[in-house]
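The values are calculated or read from the model by the stated rules, or taken from the named source; none is laboratory data. Everything numeric here is computed off the predicted structure, so don't read it as measured data. Reconstructed Cβ throughout: ideal geometry from the backbone, glycine too, with neighbour counts over all protein chains shown.
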Amino acid sequence: MKQLVVALTVGIGLLSLAFGADLDLEQRFLLLATKKTSTMQKELNEASSAGYRIVTGSPTSGSEMALILEKVVTPPNNYEYMLLATTKTSTMQKELQEAASQGFQLLPNTMISKSRTFGGDEIIVVLEKVPGAHEKYNYLLLATTKTSTLQKEMSEAIEEGYEVVRMVSRGEHMVILERLAEATRNQ
């Protein structure tokens, strides 16, 4: 009987998560997992408003992503998050730079390639804005199927002051590099 009660409790808990129940924002650690990027952005906003910060992220299956957060601050000193998702590398480059100009920085351990039924694999990244931080960054996204081309382009970017932050592959290799923005370096 005790095993049945435990199984029912766990089952009801999982069902409530599957059907969009409210987040339990009293826990030290919080797991967010979803297939929809809009749902993830909404839940990230809710969790960060309650004092959570992202610890790590990972794909959980071909079409789902998961993030683990830890409660580390007391509002209003909240971290802010911006989730970017696209199938086009040019769009990702543009959106990364726009977010960086607002003070967001890429969280490398959140960059994943997520399978989609139509339209190819989607690249997803999460950027973070630290409360009170003033640094701004520039991003460079390199994408190619040829490793020799990628090596050459990475070497050129590193000579220009960029650092490799993360790589993901999805039929092509995609590398994101980062450096402090000129205005930040001159302060």
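Could you tell me whether residue 83 is in contact (Cβ under 8 Å) with a residue 60 or more places away in the chain and within 12 Å of the chain's Cα centre (by Cα)? Taking the combined requirement at face value, the residue does not satisfy it. A single member of 109, 186 is among the polar types (S, T, N, Q), at pLDDT below 95 and under 19 Å from residue 53 (Cβ atoms), and it is 109.
Quick grid of which residues meet (1) in contact with a helix residue (DSSP H, G or I) (Cβ under 9 Å, 6 or more places away or on another chain); (2) surrounded by 19 or more Cβ atoms within 10 Å (Cβ to Cβ); (3) modelled with pLDDT under 95:
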{"site": "80", "(1), (2), (3)": "yes, no, no"}
{"site": "83", "(1), (2), (3)": "yes, yes, no"}
{"site": "89", "(1), (2), (3)": "no, no, yes"}
{"site": "93", "(1), (2), (3)": "no, no, yes"}
{"site": "98", "(1), (2), (3)": "no, no, no"}
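With respect to the stated conditions, residue 103 is on the phi > 0 side of the Ramachandran plot, out of contact with any helix residue (DSSP H, G or I) (no Cβ under 9 Å at 6 or more places or on another chain) and buried (at least 16 other Cβ atoms within 10 Å of the Cβ). Scanning the stretch 31-62 for residues that are under 13 Å from residue 114 (Cβ atoms), in contact with a strand residue (DSSP E or B) (Cβ under 6 Å, 6 or more places away or on another chain) and either exposed (fewer than 15 other Cβ atoms within 10 Å of the Cβ) or not aliphatic (A, V, I, L, M) (or both) yields a total of 6. For residue 177, the conditions (1) crowded, with 17+ Cβ neighbours inside 10 Å; (2) within 23 Å of residue 46 (Cβ to Cβ) all hold with the exception of (2). Close contacts from the stretch 86-109, counting a first residue that is closer than 16 Å to residue 136 by Cα and of a type in the set (S, T, N, Q) and a second that is modelled with pLDDT of 95 or more and assigned to a helix (DSSP H, G or I), with Cβ to Cβ under 9 Å and a gap of 6+ residues or different chains, come to 105/99.
Would you confirm whether any residue within the stretch 132-145 is without any contact (Cβ under 8 Å) to a residue 40 or more places away in the chain and either buried (at least 18 other Cβ atoms within 10 Å of the Cβ) or farther than 23 Å from residue 94 by Cβ (or both)?
We begin by selecting, within the stretch 132-145, every residue without any contact (Cβ under 8 Å) to a residue 40 or more places away in the chain; these are 133, 142, 144-145.
Now narrow it down to the ones that are either buried (at least 18 other Cβ atoms within 10 Å of the Cβ) or farther than 23 Å from residue 94 by Cβ (or both): 142.
Checked against the condition, which is being without any contact (Cβ under 8 Å) to a residue 40 or more places away in the chain and either buried (at least 18 other Cβ atoms within 10 Å of the Cβ) or farther than 23 Å from residue 94 by Cβ (or both), the stretch 132-145 yields at least one hit.
Residues that are part of a strand (DSSP E or B), at pLDDT below 95 and exposed (fewer than 13 other Cβ atoms within 10 Å of the Cβ) within the stretch 148-174 comprise just one, 169. The set of residues in the stretch 143-172 being among the polar types (S, T, N, Q) and within 24 Å of the chain's Cα centre (by Cα) consists of 144, 145, 169. Among the criteria (1) among the small types (Gly, Ala, Ser); (2) over 13 Å from the mean Cα position of the chain (by Cα); (3) outside any helix (DSSP H, G or I), the one residue 57 does not fulfil is (2).
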